[in-house]
Amino acid sequence: MIPIPFIRQHIFLSFIVISSVTLLCCLGFWQLSRAKYKENLAYLQQKGAINETKPSNAFITSLPESMRYQRVILKGHFINEFTILLDNKLNKGQIGYHVVVPFQDNSMDKVILIDRGWVALGKSRQVLPSIKPIEGEVSIEGYWDFAYRNPFIKQALETDPIRWPLRMQDLDTNLLQKLTAKSVHKMLVKLDKESAYGFEILPPQTPMTSARHKAYAFQWFSLAAALFILSLFAAKRNLK
C-alpha cells in the first residue's frame with residue numbers, strides 16, 4: 001500500500017508541475033501575440049510609406065488603428081501658446097524633450113497635436129529650451145501616430161501652477177483638453193524628417209522585433225516541454 005504522505009506529496013508536486021508548465025506555455029503564447037503585433041506594425045509602416053499623402057478630412061471616419069503611419073497633409077496654423085515639452089526622451093543616449101504643438105487644421109474641428117521632433121535638455125532642467133513659434137497659415141506633412149502614453153506614469157504633470165511651455169511626463173490628451181479648453185484629437189502627427197518646421201525628427205521606434213519575440217516564445221515552450229518530460233521521468237522512478 002502506498003503511504004498517504006507519499007500520495008499527498010505526489011499530488012502537491014503534480015500541481016506545481018502542471019501550474020509551472022501552464023504558466024510557461026502562457027508566456028510562450030503571449031510572446032507569439034507580441035510577435036504578431038510587431039509584424040502588423042511593420043506592415044503598417046511599410047504601407048504608410050508607400051501610400052499617397054491625403055488631406056486630414058480623408059481620415060475623419062477612419063478608425064485610429066487604420067490611421068497609424070498613414071501620411072497626411074495639414075493646412076492651418078500652430079497654436080504656439082500651448083507648446084508642450086514631453087519629458088525624458090532619449091536620443092543617442094542624451095536626454096531631451098519631444099516638442100509637441102497643437103495645430104488647428106482648416107478642415108477639422110479638433111485640434112491635432114504635432115510632434116515637431118526632439119530637442120536636447122540643455123545644461124539645467126530649470127531652464128527650458130527656447131522654442132521659436134511658427135506664425136501664420138502653413139502647410140505641413142507627416143504621418144499619424146498614437147499619442148505617447150506610459151501606463152507606469154500616474155501623473156502627467158510634475159509642477160503646479162501651469163506654465164507654458166508645459167513640461168509633461170505623459171501626453172494626456174484628456175488633461176490637455178481641460179487645460180486648453182479645446183477638443184484634442186486622440187492621435188498626433190509626426191512631421192517629416194525634411195520638414196522646415198521640425199527639430200530632430202526621430203524614426204518610429206519598435207523596441208523589439210517579431211523575430212526576437214518568436215525566439216523568446218521558443219525558449220518558454222522549450223522550458224515547458226523540458227519540465228514536463230523531467231517530471232514524467234521523476235514520477236516513473238518514484239513509482240518503482
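Only the coordinates and a few stated rules stand behind these numbers; no lab work does. Because the structure is a prediction, the values reported are computed rather than measured. Reconstructed Cβ throughout: ideal geometry from the backbone, glycine too, with neighbour counts over all protein chains shown.
For the range 174-233, rounded, prolate or oblate, judged on the Cα gyration tensor with a ≥ b ≥ c (square roots of eigenvalues), a/c < 1.5 rounded, else prolate if a/b > b/c?
Oblate, because a/c is 1.5 or more while a/b does not exceed b/c.
Please say if the range 104-206 is rounded, prolate or oblate, where rounded means a/c under 1.5 for a ≥ b ≥ c the square roots of the C-alpha gyration tensor eigenvalues, and otherwise the choice is prolate for a/b larger than b/c and oblate otherwise?
rounded
Calculated FRET efficiency, Ser107 and Ala211, Cβ-Cβ r, R0 45 Å, to nearest 0.05?
Efficiency computed from Cβ-Cβ geometry: 0.65.
Counting DSSP beta bridges with both partners in the range 70-191, what percentage is antiparallel, nearest 5?
The answer is about 80 percent antiparallel.
Here is the link list: Lys132/Lys186; Lys38/Lys190; Lys123/Lys182; Lys154/Lys182; Lys123/Lys178. Which ones come out longer than 30 Å on Cα distance?
Checking Cα-Cα distances, Lys123/Lys182; Lys123/Lys178 exceed 30 Å.
Which one, Pro203, Pro165, Pro102, has the greatest fluctuation when you compute a Gaussian network model over the chain with C-alpha springs under 10 angstrom?
Pro203
How big is the dipole moment of the chain about its Cα centre under a simple scheme where the beta carbon of each Lys and Arg is +1, that of each Asp and Glu is -1, and everything else is neutral? Debye, nearest 20, please.
My answer is approximately 1260 debye.
In whole percent, what relative contact order does the range 70-191 give with Cα contacts below 8 Å and a gap of six or more residues?
Normalised by residue count, the contact order of the range 70-191 is 33 percent.
Relative to a virtual label point 7 Å from the Cα of Leu13 in the Cα→beta-carbon direction, which members of the range 209-233 show backbone nitrogen distances below 11 Å?
231-233
As a check on your grasp of the helix formula, calculate [θ] at 222 nm for the chain: sum -39500 (n - 2.57) over DSSP H runs of n ≥ 4, divide by the residue count, round to the nearest 500.
Computed ellipticity for the chain at 222 nm equals -13000 deg cm²/dmol.
Between Tyr216, Tyr197, Tyr69, where does the largest GNM mean-square fluctuation fall for the chain, given springs only between Cα atoms within less than 10 Å?
Per the Cα network of the chain with a 10 Å cutoff, Tyr216 tops the list.
Relative contact order of the chain: what whole-number percent is it, with Cα pairs under 8 angstrom and at least 6 residues apart?
About 25 percent, as a whole number.
What are the extents of the Cα atoms of the chain along their three principal axes, listed from largest to smallest and rounded to whole Å?
Computed over the Cα atoms, the extents are 91, 43, 33 Å.
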